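Beneath this line is the structure, given in structure tokens, with notes to follow.
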């Protein structure tokens, strides 16, 4: 897939986003596979690489994938995962906000996941799953 001009492709198996309060690892299928919340030293909310039974993931994936690509917008911690599938193409944008306001730094406990619509057709079939075995089951759709 062709990467946009204002992007930097990474060579790792997961992209990393965070805001100096927490960290999340997002794989090339746009699944949050690791998320410690609300701080670095907190227990994981999603921890699939470490514990298959209690870990879980938060994924937004196409039903009929052909190819995926992942990159950062240049000079940002904004991670973009783009999918080419049989029905068209779309992307997922992930970022953790951090900003300076009223003479102090804010690191809100938020993880933003936004769909980037670049469809070839009017719709693309996707599967959305937010799942953790153990204490909580968050969402399962599609």
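For region 51-99, what is the Kirkwood hydrodynamic radius in Å, using each pair of distinct C-alpha atoms?
Value: 12.7 Å, from the Cα pair sum.
Expressed as a fraction of 2.2 N^0.38 Å, the rule-of-thumb size for a compact globular protein of N residues, what is the C-alpha radius of gyration of region 40-121?
Ratio of Rg to 2.2 N^0.38 Å for region 40-121: 1.37.
Sort 110, 29 so that the residue with the fewest other Cβ atoms within 10 Å of its own Cβ comes first and the one with the most comes last.
So the ranking, lowest neighbour count to highest, is 110, 29.
What Kirkwood radius, in Å to one decimal, follows from the Cα pairs of region 20-80?
12.8 Å
Here, each number is a calculation from the coordinates, and none is a lab measurement. On a predicted model such as this, the values are computed, not experimentally measured, just so you know. Because the Cβ atoms are built from the backbone with ideal geometry, glycine has one as well, and the counts that use them run over all protein chains shown.
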